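Inspection log for the structure reproduced underneath, given as structure tokens.
Since every read-out is calculated from the coordinates, none of them should be taken as a lab result. Just so we're clear, the structure is a prediction, and the values are computed from it rather than from any experiment. Virtual Cβ from ideal backbone geometry, glycine too; neighbours counted across all protein chains shown.
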Amino acid sequence: MEALELTDALIVQYMTRLFLEPGVLRSYSLDQVEQGLWFLLNESTPGQQSKTLLRHEAALLDRAACIHAMSSFFRNFILAVAPAHFDPKAPTIGVTGSAYMWWDIFPMHFYMRSHLPRPAGIDEMLSMLENF
């Protein structure tokens with residue numbers, strides 16, 4: 001993201017503003033919004049924007065505000081455009097995939113497993129849960 005001169009702090013500000021003001025998405029189709037949401041969250045995205053919320057380059061209060069703004073985004077935008085029932089066998093249309101996969105692909109799971117000390121035996125417990 002250096003080529004675009006986007007710092008972690010600026011990315012966090014942009015994401016927060018998007019989550020608080022989803023009306024800016026009205027000019028895009030739901031399929032385009034879906035692509036944008038995957039771009040923000042996906043770990044294979046070159047800039048890995050969502051990981052800016054985990055790094056210390058942006059102020060902690062700004063990062064927390066961004067995560068808090070996600071609840072507003074879901075309440076004010078996602079609930080209005082996503083179907084009430086998700087059918088994994090149905091074709092993904094609009095924001096369905098990213099909305100239902102948001103917390104599965106949000107980078108906290110990887111971060112928690114790789115950066116925080118864990119009590120003895122927790123690795124075995126996590127492995128059992130993942131296999132469940």
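A few comments on the model shown:
- Taking label positions 7 Å along the Cα-Cβ direction at both ALA9 and MET101, the computed distance is 3.4 nm, reported to one decimal.
- Length gained when the stretch ASN76-GLN35 is fully extended (0.36 nm per residue, less Cα-Cα span): 12.9 nm
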